Every structure is written in structure tokens, then in C-alpha cells.
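Here is the structure we will look at.
The values are calculated or read from the model by the stated rules, or taken from the named source; none is laboratory data. Bear in mind the structure is a predicted one, so any value in this text is a computation, not a measurement. Backbone-built Cβ (ideal geometry, glycine too); neighbour counts: all protein chains shown.
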Amino acid sequence: MAWETVIGLEIHTQLATRSKIFSGAPTTFGAAPNTQACAIDLGLPGVLPVLNRQAVVLAVRFGRAIEAEIAERSIFARKNYFYPDLPKGYQISQYELPVVGRGRVTIVLDDGSLKTIGVTRAHLEEDAGKSLHEDFHGLTGIDLNRAGTPLLEIVSEPDMRSAKEAVAYARKIHQIVRWIGISDGNMQEGSFRVDANVSVRREGEARLGTRTELKNLNSFRFLEKAITFEVERQIELIEAGSRVVQETRLYDPERDETRSMRTKEEANDYRYFPDPDLLPLVLDTAFIEQAAADLPELPDAKRERFRTAYGHTEYDASLLTANRELADYFEAVAAAGGDAKLAANWVNGELAAALNRDGREMTESPVSAEMLGGLITRIRDNTISGKLAKQVFEAMWNGEGDADAVIAARGLKQLTDSGEIERIIDAIVAANPEQAAQYRSGKDKVFGFFVGQVMKASKGKANPQQVNELLKARLKP
Amino acid sequence: MAYHIEPKPLHELTIAELAQRLRGGKLTSVELTHHYLERIKRLDPQLNAFVTVAADAALAAATHADARLARGEGGPLTGIPIAHKDIFCTRGLRTSCGSRMLDNFIAPYDATAVERLAAAGAVVLGKTNMDEFAMGSSNETSFYGPVKNPWDLDRVPGGSSGGSAAAVAARLCAAATGTDTGGSIRQPAALCGITGIKPTYGRVSRWGMIAFASSLDQAGPMTRSAEDAALLLQAMAGFDPRDSTSAEEAVPDYGAQLGTDLAGLRIGLPREYFGAGLDAGVAASIQGAIREYERLGARIIDISLPNSPLSVPVYYVVAPAECSSNLARFDGVRYGHRCEAPRDLEDLYKCSRAEGFGSEVKRRIMIGTYALSAGYYDAYYLKAQQIRHLISDDFRRAFEQVDVIMGPTSPTTAFPLGAKMDDPVAMYLNDIYTIATNLAGLPGISIPVAPVDGMPVGLQIIGDYFQEGRLLNIAHRLQQATDWHLAAPPEV
């Protein structure tokens with residue numbers, strides 16, 4: 001009997017605002033504990049929240065990027081529960097009326113086909129602080145620097161049918177939030193956190209199975225492994241005649257398994273109600289249009305344009321639009337070098353390899369788009385051969401200046417003077433009468449030998465095309 | 001033949017009169033502050049109106065005020081000694097909210113109301129006693145013990161701003177601040193024989209005011225006259241970017257409106273405010289004041305606020321629901337009371353809160369938690385919000401016919417200490433005439449009218465949104481025509 005997996009994801013992404021969502025305290029990561037928490041973040045008596053306008057702008061930008069409805073009126077609610085890193089005893093979130101309504105994103109499946117995943121909603125909320133259990137013997141430390149950091153919680157429909165699809169969706173959301181600049185998406189620092197709701201059902205069954213919620217998935221790899229484990233666990237349970245219990249489960253990457261954290265019965269009654277300290281969030285069309293006005297061309301649109309305008313393959317276009325920095329870099333290279341195909345080859349080839357080798361981000365490349373474009377220009381105008389161009393690239397990478405400077409300094413300028421090439425050919429042919437005779441008697445293979453010898457004699461600088469033509473003419477029987 | 005007129009003692013002068021003397025160099029703020037501090041020292045042990053007296057800080061502020069006055073700077077409040085209800089956070093001066101929970105709490109900031117009055121030059125004598133977290137109508141739920149009514153030490157002063165009301169009535173300060181969630185300015189003002197105004201919701205910033213029920217809480221002045229109230233409200237009111245619910249509405253010149261003639265004023269008397277439960281003596285006293293208004297040219301119109309009987313039950317869903325959440329921050333983790341040697345986290349929460357909160361606060365937290373719980377939310381909280389709209393609609397319709405609504409502030413005069421402590425519902429019914437205005441967000445003022453058996457009675461005047469100027473004007477005209485507001489309690 002075949003099983004079907006059903007997955008929905010809840011993604012918390014930290015919004016890239018300078019100050020917190022309801023206070024003026026800074027959001028910088030990594031400050032000394034409790035140095036970035038003001039009276040509001042500490043939940044002192046009598047303090048009041050004031051909504052950070054920029055957080056709303058960023059939420060609206062996201063809504064637009066996933067073609068979602070933006071609510072003209074949304075409500076902040078209190079989610080009540082006690083925890084030491086939750087200073088007010090409630091989290092300000094959005095419950096019944098979120099700012100971003102139904103939207104969708106498209107993912108590319110393994111077979112190259114496209115699938116649309118529904119986004120149920122995205123709402124604004126504040127983050128809690130951090131409890132530090134490791135650093136104090138028998139005590140718990142509380143760091144409230146993170147308390148009040150703005151989050152956008154993005155909730156998907158249960159539209160994913162495999163761990164791979166879930167990862168593709170999570171990567172897509174990750175790509176979008178970074179692309180439109182609303183979040184740095186840093187998973188190590190907790191700026192992008194994924195929870196997965198997972199259930200299984202027999203194929204053909206319309207009703208959803210009982211789901212579990214998986215937490216502590218702080219990389220795409222763990223997301224995939226946790227879901228894979230959980231799906232097998234659930235299937236084994238049901239096949240053994242048992243039942244899945246609705247609960248929250250923690251992924252343990254060391255053991256590659258999920259463990260029960262709390263069951264539904266143990267779950268809090270959050271007693272949501274509208275926060276009387278905050279007025280309803282009312283957005284007019286002008287605000288929404290202004291927030292979305294400078295949205296960049298989105299990754300899917302850009303990928304499609306690269307495919308059609310530049311004639312890229314789906315694969316190349318996908319690679320080049322993995323993130324906005326790369327796509328922008330590519331377009332700058334193509335413009336400076338005047339050849340999109342060559343630009344794609346160099347960006348996806350030499351540049352990607354060098355970045356990867358040195359563990360650098362796109363923005364940290366020592367070779368600027370203008371420099372790479374300059375190199376491509378010299379390939380196109382035959383100043384250098386494609387082979388020597390790799391040497392030039394390495395030299396640029398190592399800080400020896402732009403392509404022209406490297407070519408001049410190293411004397412790599414291609415030899416295109418026919419007379420000069422002919423003189424080399426004459427010498428080589430004269431020195432190898434036996435091979436010349438073989439070629440003339442129909443042994444074509446020997447031609448390669450002559451090309452090699454001529455290139456070697458010119459120290460690789462002779463224009464290969466000219467060498468071919470002139471050699472053929474010289475050896476003609 | 002020469003005769004001698006006994007000059008009025010300093011503590012009988014209005015703020016306007018004091019300001020004139022301060023400005024004219026006939027009096028210094030330091031002298032005035034010493035005078036009030038001496039009265040507090042002598043009289044407050046019997047009243048228990050103050051939780052904290054800040055003599056040194058007050059004298060320093062008075063010295064500063066005198067320097068400003070000497071330079072010809074400052075306004076009508078410069079150098080005037082006042083007191084703040086202990087619900088307003090004061091930087092460096094303990095803010096207890098009448099609770100053991102905050103017995104050790106010193107805020108690192110001033111409430112906006114405190115800040116604005118300080119900017120106007122007012123001198124803070126100290127912090128006044130109150131029902132714990134403003135939950136009470138008799139000032140008997142305070143961790144610091146009950147406040148006594150200066151008119152009769154065996155009676156309650158009302159609550160929750162009972163300390164402020166008693167202090168102003170007993171002339172322990174020139175004026176005081178209060179807060180009103182369901183009547184907590186107006187009811188104690190009525191029971192102590194002073195003037196107290198609850199402004200429109202959003203008129204005075206709630207920043208730094210410890211929250212009881214955020215959608216109902218509103219700060220206002222408690223004074224001996226409407227004229228004094230106008231001076232304080234002028235300083236307190238106005239938009240504050242730190243409070244999202246504060247109104248971006250210009251503050252009119254309240255003083256300039258005080259003299260407006262009342263001819264043609266349409267006064268609505270809701271029949272629901274004069275029914276069963278209203279003490280006959282209080283009813284007669286209110287009718288006497290109404291007749292006075294008729295003499296001043298007002299027209300009386302009978303009206304109905306049909307949903308007003310629902311206001312107490314609605315209030316006791318909404319206010320506890322909000323308080324159950326607002327008071328969750330008092331958990332013993334970061335500040336406030338923490339129990340000794342908790343076994344674990346849960347024990348820390350339970351013991352700290354069990355020890356830190358009194359029984360009325362606990363009762364309301366439990367009611368509110370219940371009302372918001374899954375499965376009950378629709379039946380209680382949501383239903384209450386719907387009725388709240390109906391109550392607002394009643395007022396909206398009434399204000400199509402009348403300019404203001406009048407009635408008693410409280411159904412009885414001050415009752416004996418302990419009389420209602422075992423019967424919460426009887427206690428809650430004290431606020432039957434005041435609660436609806438909080439639910440609707442409307443302004444209301446209570447002013448003294450003819451006493452009953454030597455105990456003060458308050459007339460409540462309710463206005464439309466942002467009509468504080470009109471309420472103060474109407475109150476002031478009565479105080480010009482009568483002497484009820486001048487009556488002082490016996491020196492204890």
C-alpha cells in the first residue's frame with residue numbers, strides 16, 4: 001500500500017529593520033546580553049508598544065512578492081503564556097487578521113517541472129528573548145536582546161508532498177526574502193527558522209492524517225533529514241496498528257531523529273485577544289503602493305527573462321538567479337563584456353569555482369563585474385585566447401589588476417600577425433618533413449601534431465583559428 | 001473701629017490664587033511646600049493617603065520653581081505642590097501600585113502625565129495610596145492598608161484613587177492625579193467631596209501609567225475646583241507618540257471656556273440613573289443641583305440609556321480579561337516581588353504571584369483568564385465587546401438630543417470601612433453610574449453638591465468625546481453660583 005506525505009511549513013524570518021518592532025532598541029546581532037533591551041523590551045510596568053513602520057513596509061513588500069492580498073485592516077493580538085524569556089507574559093502577534101493574506105510561490109521539482117505552493121498567510125510578530133541553560137550551573141540565564149525583534153511568520157498550505165519539495169519551498173522563500181531585501185536570511189543567527197507540519201495518509205485518502213510539528217530545523221539539510229525520519233516513523237507506527245499523536249517534536253541532528261517535546265494536551269491555551277495597546281493596522285493604497293514601488297525584478301521573472309533574452313538553458317538561468325547579487329553581477333558582466341553566453345559561462349564556471357574554492361560570498365569577489373566583462377571583451381576581440389584568459393582571470397583574482405594590465409604585464413597578447421605565424425609554421429614544417437609527408441599522403445591525424453608544435457613555439461599566443469587556416473594552406477599537397 | 005479679617009490659610013487657596021501669590025513674590029514655593037509637608041506629617045497618619053512622601057525631592061523642586069518664578073518664568077502650576085497616584089511611574093521614586101508585588105519597584109522613567117506636570121513646574125510631594133493595581137472601589141485592597149475618608153474616619157474614601165481624593169479633600173496637597181478605569185477618579189471624588197475629571201479615552205497619554213485595563217484606563221486631575229482641574233488637565237492632555245492610543249486631537253484652552261454662559265444648555269437625565277438602588281438622600285441632592293442648573297438657564301430633557309444595566313457585567317468581563325494579560329509581566333523574574341527559594345520555574349511563578357498579589361487582584365485575574373479561555377472567548381469576551389458597542393450607541397443617540405448627561409456619580413455616600421469587603425458584587429455596583437462612560441470612552445466629571453448627613457455627594461456630568469472644556473465650564477458655573485465645593489472636612 002502506497003503512502004502519501006503531506007507537509008506544510010511555518011517560516012519565521014527576521015525583518016531587516018534597524019530597531020525593534022515595538023521599541024527603539026537596536027536589533028544588531030551579537031551584542032553583550034541584555035544591552036539591547038530597553039524598558040519596553042523588558043516589559044517594565046506602564047510601558048507601551050509603538051509599531052515600527054518599516055516592519056510593515058517590509059511585510060507588504062513580501063506580500064507583493066508572493067502575489068498575496070495585503071489586508072487594508074489587520075489586528076495585533078496578544079498570545080498569552082508564561083516563559084522567562086517572554087517578558088510581558090504575552091507575545092504580540094497577529095492572529096485572526098494578518099497583514100498578508102493568501103499568496104503563492106513556484107518551485108522547480110527534480111524533473112524540471114514547476115509546482116505552485118500556496119502561502120496561507122504571513123503575519124507580523126515580535127520575537128522572544130533567549131534562555132541560556134548551558135552557561136550557568138543550576139541556573140538559567142535570560143538574554144532579552146532578541147526580545148521584540150520583528151518577525152514575519154510565513155505559513156504555507158499543506159501543499160508539499162516530499163521532503164525535497166519542502167526544501168525547495170523553504171529555499172524559495174529564503175531566496176525571496178533575501179532577494180527583496182527584507183531579511184538577511186541568516187540561519188545560523190536564527191534569522192530564518194523553519195518548522196514543519198508533517199503527516200502521512202494512504203494514497204487516495206482525502207482526509208489528512210494526524211500531523212506532528214517538527215522544530216529545531218536550522219538548516220535545509222536538517223529540514224530534509226527530519227522530515228524523512230518523521231515520515232518513516234509515522235508510517236511504521238500506522239503499519240504496526242498504532243496511531244500518530246498530535247504533538248510537537250524536536251529534531252536531534254546528532255542522532256538524526258525526532259523526539260516528543262509536548263503533546264496537544266500539554267499545549268498552552270494562548271487566550272488570544274486583540275491587543276488594546278495597539279490600534280488596528282490600517283493601510284491605504286498609497287502606503288501599499290509606495291512600499292512595493294521599488295521592488296526589484298523577482299527571481300522567477302528574472303530567470304524567465306534570462307532564458308528568453310539571453311538564450312540560457314533553464315539550468316544556467318536558475319544558477320544565475322540563485323541570489324540577487326549573483327544575478328546583478330551576471331547582468332553587469334554581460335553588459336560590460338557584450339556577450340551573455342560567454343558571461344554566463346564565466347560566471348557559472350571560473351568565478352563560481354574560485355568563490356567556492358576561497359569560501360567567499362558573491363559580494364566579496366576580488367574580480368568585479370567590470371573586470372570580468374573587460375576580460376570577455378579581450379576574448380571577443382581576439383586579444384587573447386580562451387585558454388590564456390583563464391590565466392588572466394587567476395591573475396585578476398590575485399590582485400594583479402584588470403585584464404588589460406595583466407595581458408600587458410605578462411605579454412599574453414595574442415599573435416594575430418599572419419606573417420609572423422607563417423614564419424613559425426615554415427620553421428616547424430621544415431623541421432618535421434616526415435610528418436608533413438604523412439599528412440599529405442592522407443593521414444589527417446598528424447595535423448593536430450603541427451597545431452600543437454606551432455602553439456608551443458608561440459608560447460600559446462598564436463590565434464588558434466589563424467594557425468588552423470595557415471597550416472592547412474601550407475601543408476596542402 | 002478696626003477689625004481684623006482672618007486671612008485664608010494657604011491650604012484653602014485655589015491654585016489660581018496660589019499662583020498669583022507665587023508670581024507676586026508674596027509667597028515662595030518652598031514655604032508652600034513646607035506648609036503642605038507639615039500638614040501631611042500631622043494629618044496623614046490618621047488618613048493613610050500617602051504611600052510615599054518625597055520631602056527632600058519636593059523641596060528641591062520647590063527651590064527650582066522659586067528660581068524660575070524669580071526669573072519671571074513658568075506658568076500657573078509652577079511651584080504648586082501636588083501628589084501623584086502611585087500608579088504613575090516616577091523616575092527614582094518608588095511606584096508600588098498599591099501592591100506588595102511592586103513594593104520594591106523604582107521605575108527608570110517618568111509617566112508622560114508626570115513629565116508634563118513637572119515641565120509645567122508642579123512640585124511632587126509624594127505618591128498616594130490606592131486600591132491594589134487600581135482594582136477596588138473603597139481603597140481597602142491596598143497592600144499599604146485602607147485610606148480613611150477625611151469626613152468620617154470610619155468610612156471609605158472610595159477607590160481606586162482614594163489616596164488622591166482623601167489627600168485633596170484633607171488639604172494635604174493642592175491637587176493630585178488619579179486614574180479612572182470604571183470610576184476610579186469620579187467615585188472617590190464624589191465620596192470625598194472634591195472635583196475629579198476622567199477625560200476622553202486617549203486625551204491623556206497612558207505611557208508610564210501602570211496598566212489595569214488598557215482599553216478603559218484614563219488619567220485625570222483631582223482638585224478642589226473645576227478651575228483648578230482645568231489648569232492641571234491643560235498640562236496633562238495632548239498627543240504622545242509613545243502611546244499609540246493617545247489622540248492626535250488639539251488641546252483647547254480650557255481656562256478660556258470656563259466663563260461660557262449656560263443659557264439654553266440641554267441636560268439629559270437618563271431614567272436608568274435614577275432608579276432602584278439610588279439612595280433617596282443622594283437623589284434629592286442631585287435634584288437640587290439640577291434645579292440650580294435650571295436657574296442658570298439649562299433645559300432638562302428626560303432620556304434613556306437602555307443598555308446601561310449591562311455595563312457592570314460587561315465591564316467585569318472586559319476589565320478582568322485585559323488585566324489578566326496586563327498583569328502577566330509580574331512574574332518574579334525581572335523585577336518586583338520574588339518568592340524565597342523556589343523549587344523550579346513553575347514554583348517561582350506560582351509563589352511569587354501568590355505572595356505578591358492580594359485577593360481582589362487574584363479574583364480578577366482568574367475571571368479574566370476564564371473569560372479568554374478557549375471555548376469561552378466567544379460567549380464572554382466577544383459578547384462583551386458587542387454589548388460595549390451597544391452602550392456606545394446609546395450615548396451617541398443621547399448626544400443627538402442633549403449637550404450633556406447628568407446624574408449621581410455613586411448610588412450612596414461613603415460607606416463604612418469593611419462593609420462590602422465580603423461581597424464583591426455589592427462593591428462592584430458602586431460604579432454602576434460611572435462604568436458606562438469608560439466602556440464608551442467618554443469624558444465625565446464629578447463635582448460636589450449638597451451633602452447628605454454630613455457626607456459629600458457627587459454630581460456626575462458626562463459629555464461627548466473631547467468635550468472636557470464644556471464639562472469644566474458647566475462644573476465651574478455651578479461652583480461660581482454655589483458653595484458646595486468649598487466645604488472642607490473637619491481637621492482630624
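Side notes on the structure shown:
- When each of B:THR141, B:THR177 is tested for being part of a strand (DSSP E or B) and crowded, with 24+ Cβ neighbours inside 10 Å, the lone residue that passes is B:THR177.
- Residue count, the range A:172-222 (criterion: surrounded by fewer than 18 Cβ atoms within 10 Å (Cβ to Cβ) and of a type in the set (Gly, Ala, Ser)): 5
- Any hit, the range B:239-246, residues being touching a His at 6+ places or on another chain (Cβ under 6 Å) and either among the acidic types (Asp, Glu) or away from chain A (no Cβ under 14 Å) (or both): no
- B:ILE387 being among the hydrophobic types (A, V, I, L, M, F, W, C), surrounded by fewer than 20 Cβ atoms within 10 Å (Cβ to Cβ) and not in a loop (DSSP other than H, G, I, E, B): yes
- Count of the range B:56-112 residues which are in a loop (DSSP other than H, G, I, E, B) and of a type in the set (Ser, Thr, Tyr): 5
- Among the residues of this structure, B:ALA67 counts as one that is out of contact with any strand residue (DSSP E or B) (no Cβ under 6 Å at 6 or more places or on another chain) and more than 30 Å from B:SER160 (Cβ to Cβ).
- The set of residues in the range A:45-84 that are in contact with a Lys or Arg (Cβ under 8 Å, 6 or more places away or on another chain) and either aliphatic (A, V, I, L, M) or not assigned by TED's automatic domain parsing to the domain that holds A:GLY101 (or both) comprises A:LEU48, A:VAL50, A:ILE66, A:ALA68, A:ILE70.
- Qualifying residue in the range A:175-192 (condition: part of a strand (DSSP E or B) and over 29 Å from A:ALA291 (Cβ atoms)): no
- Residue count for the range B:198-236, restricted to those that are more than 14 Å from chain A (Cβ to nearest Cβ), β-branched (Val, Ile, Thr) and touching a Ser or Thr at 6+ places or on another chain (Cβ under 8 Å): 1
- Any hit, the range A:328-338, residues being out of contact with any helix residue (DSSP H, G or I) (no Cβ under 6 Å at 6 or more places or on another chain) and surrounded by 18 or more Cβ atoms within 10 Å (Cβ to Cβ): yes
- Set A:THR308, A:THR313, A:THR383: member being surrounded by fewer than 21 Cβ atoms within 10 Å (Cβ to Cβ), closer than 19 Å to A:GLU400 by Cα and at pLDDT below 95: A:THR383
- Highlighted here are the helices (runs of 4 or more DSSP H) found entirely within the range B:294-384 that include at least 3 residues which are away from chain A (no Cβ under 14 Å): B:311-326, B:359-372.
- Pick from the range A:390-445, criterion among the hydroxyl-bearing types (Ser, Thr, Tyr) and in a loop (DSSP other than H, G, I, E, B), ranking: surrounded by the most Cβ atoms within 10 Å (Cβ to Cβ): A:THR416
- When the criteria are applied in full, A:LEU151 meets the requirement of being crowded, with 17+ Cβ neighbours inside 10 Å, touching a His at 6+ places or on another chain (Cβ under 6 Å), under 25 Å from A:ARG324 (Cβ atoms) and in the same structural domain as A:TYR251 (by TED's automatic domain parsing).
For every residue, the table says whether it meets (1) surrounded by fewer than 24 Cβ atoms within 10 Å (Cβ to Cβ); (2) touching a Leu at 6+ places or on another chain (Cβ under 7 Å); (3) not β-branched (Val, Ile, Thr).
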| site | (1), (2), (3) |
| --- | --- |
| B:ASP422 | yes, no, yes |
| B:TYR433 | no, no, yes |
| B:GLY444 | no, no, yes |
| B:VAL449 | no, yes, no |
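- Within the range B:394-468, strands (runs of 3 or more DSSP E) holding 1 or more residues that are hydroxyl-bearing (Ser, Thr, Tyr): B:444-452
- Qualifying positions in the range A:79-96 - within 13 Å of B:LEU327 (Cα to Cα), within 7 Å of another protein chain (Cβ to nearest Cβ) and touching a residue at least 12 places away in the same chain (Cβ under 8 Å): A:ASN80, A:PRO87, A:LYS88, A:GLY89, A:TYR90
- Residue, nearest to the other protein chains (Cβ to nearest Cβ), within the range A:102-149, restricted to residues that are within 26 Å of A:ALA71 (Cβ to Cβ) and of a type in the set (D, E, K, R): A:GLU126
- Residue list for the range A:122-167, restricted to those being among the charged types (D, E, K, R), in a loop (DSSP other than H, G, I, E, B) and modelled with pLDDT of 95 or more: A:ASP127, A:ARG146, A:GLU157, A:ASP159, A:ARG161
- Where a residue in the range A:42-62 is more than 7 Å from chain B (Cβ to nearest Cβ) and its partner, wherever it lies, is part of a helix (DSSP H, G or I), with Cβ under 7 Å and at least six apart: A:VAL57/A:ALA291; A:VAL60/A:ILE288; A:VAL60/A:ALA291; A:VAL60/A:ALA292; A:ARG61/A:ALA291; A:ARG61/A:ALA292; A:PHE62/A:VAL177
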